[in-house]
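The values are calculated or read from the model by the stated rules, or taken from the named source; none is laboratory data. All figures in this text were calculated on a predicted structure; none of them were measured in a lab. When we count neighbours, we look across all protein chains shown, and the Cβ atoms used for this are built from the backbone with ideal geometry, even at glycine.
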Amino acid sequence: MSDSPRKRLVLFDHDGGVDDLLSLMMVLAMPHIELVGVVVTPADCFIGPATASTLKILRFFNRLDIEVSQGALHGVHSFPRVWRAHVYPIEALPILNESEETLPAPVLETGHEFIARKLRSAAKPLTVLITGPVSNLAMALSLEPELAAKIEEVVWMGGALRVEGNVRDYEHDGSAEWNAYWDPPATHTLWQSRVPLTIFPLDATNHVPVTRDFLQRLARQRRYPLSDLAGQCWALTLGTIPSYEYVYHMWDTLTTGYLGGPQFITFREAQTEVVAAGPSAGRIKEVEEGRLVRAADKVDIEGFLDYVLALLRR
């Protein structure tokens, strides 16, 4: 695999968590990426501050020309409210509020309508990057299946194939990952489509925790405004997840980093199916003759972290 990332047109759907907003910064910093639009899904966030944070990050990059849409679909299972509230301090960070340039309103189209329009009007196929649930894309493809031909690749953070899931909810067996569990029927619907799927399950993201050592390395380059902003965001994650369960990982940022540093990630092909309901709802499991996906498996952790630090020096 070449070390040089290829040019991509990217449509980004995120759900407003700290990792999602860091992913937006990474995409905007990648010189080979043309970001054609952003959708904010009301899953692991409250939609108001998540949309405001998205717009303020675009303003930070002087990219308020990029359209933003708010998703109107709601999943079957709600993220914990304490997780959804993590976006509030990011929206209030001084570094994102120095500018007094007026923020534009989101477009009037809902998330799935916006995705459909962007795909429909694209001159060439788009990469759809999703770091939250897949509800908007699944709905767009359900209404207009022919739009699958306008997608070069779907890159999604989701699933847990050969490791335990991270859902701890009533009457659930713990086998699912939260982005899939928020809306299992939508995940199942996407699996019935013909779009090329590259997924980043917990199997891969478990390799990349956000460590004190990484944050210290980032602190040494805080003279770069983007590094300073990213460091403040990651610092807000410390202590937010009980250590007896798991620590904060680079779930979305690893997924996004693939667009610029694919050489740091090893993939395998997996035949899979989605459990749409019941005590394993949202589980993505490997089965014979299942839907073929390309799943991230191993990570060159040192190389990837070096890449992220270099990107944040831009």
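At-a-glance table
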read-out	value
Test: residue in segment 210-232 that is touching a strand residue (DSSP E or B) at 6+ places or on another chain (Cβ under 7 Å) and within 30 Å of D169 (Cα to Cα)	yes
Filter result (touching a Ser or Thr at 6+ places or on another chain (Cβ under 6 Å) and either of a type in the set (S, T, Y) or surrounded by 21 or more Cβ atoms within 10 Å (Cβ to Cβ) (or both)) within segment 259-303	V274, S280, R283, I284, V293
Pair list, Cβ < 7 Å and 6+ apart or interchain, from segment 178-193 residues that are of a type in the set (S, T, N, Q) to residues that are assigned to a helix (DSSP H, G or I)	T187/A180; T189/A138; T189/S142; S193/L141; S193/A148
Scope segment 206-231; condition without any contact (Cβ under 8 Å) to a residue 60 or more places away in the chain and among the hydroxyl-bearing types (S, T, Y); matching residues	T211
Scope segment 12-37; condition closer than 22 Å to Y307 by Cα and aliphatic (A, V, I, L, M); matching residues	V18, L21, L22, L24, M25, M26, V27, L28, A29, M30, I33, L35
Scope segment 37-54; condition closer than 20 Å to I115 by Cβ and either surrounded by fewer than 23 Cβ atoms within 10 Å (Cβ to Cβ) or of a type in the set (D, E) (or both); matching residues	G37, D44, I47
Cβ-Cβ under 7 Å pairs, at least 6 apart or on other chains, segment 95-115 side more than 14 Å from N136 (Cβ to Cβ), far side part of a loop (DSSP other than H, G, I, E, B)	P104/L64
Residues located in segment 216-238, provided they are modelled with pLDDT of 95 or more and of a type in the set (A, V, I, L, M, F, W, C)	L218, A219, L226, L229, A230, C233, W234
Scan of segment 119-141 for residues that are under 17 Å from W182 (Cβ atoms) and of a type in the set (S, T, N, Q), ordered by number	T131, S135, N136
Boolean, P106 is in contact with a helix residue (DSSP H, G or I) (Cβ under 7 Å, 6 or more places away or on another chain), part of a helix (DSSP H, G or I) and crowded, with 19+ Cβ neighbours inside 10 Å	no
Sole residue being within 17 Å of the chain's Cα centre (by Cα), under 23 Å from T256 (Cα atoms) and aliphatic (A, V, I, L, M), chosen from A160, A122, A140, A148	A160
Residue check for R84: more than 26 Å from K150 (Cβ to Cβ) and either loosely packed, with under 14 Cβ neighbours inside 10 Å or within 17 Å of the chain's Cα centre (by Cα) (or both)	yes
Lone unmet requirement of (1) at pLDDT 95 or above; (2) within 22 Å of L226 (Cβ to Cβ); (3) out of contact with any helix residue (DSSP H, G or I) (no Cβ under 6 Å at 6 or more places or on another chain); (4) not small (G, A, S) for K7	(1)
Residue tally, condition of a type in the set (S, T, Y), closer than 30 Å to E171 by Cβ and under 17 Å from the mean Cα position of the chain (by Cα), over segment 250-307	1
Neighbours by Cβ (under 9 Å, 6+ apart or cross-chain): first from segment 251-275, closer than 25 Å to G17 by Cβ; second in a strand (DSSP E or B) and aromatic (F, W, Y)	W251/F200; D252/F200; L254/F200; T255/W156; T255/F200; T256/F12; Y258/F200; I265/F200
Sole residue being free of Cβ contacts under 8 Å to residues at least 60 places away in the same chain and of a type in the set (G, A, S), chosen from A85, A122	A85
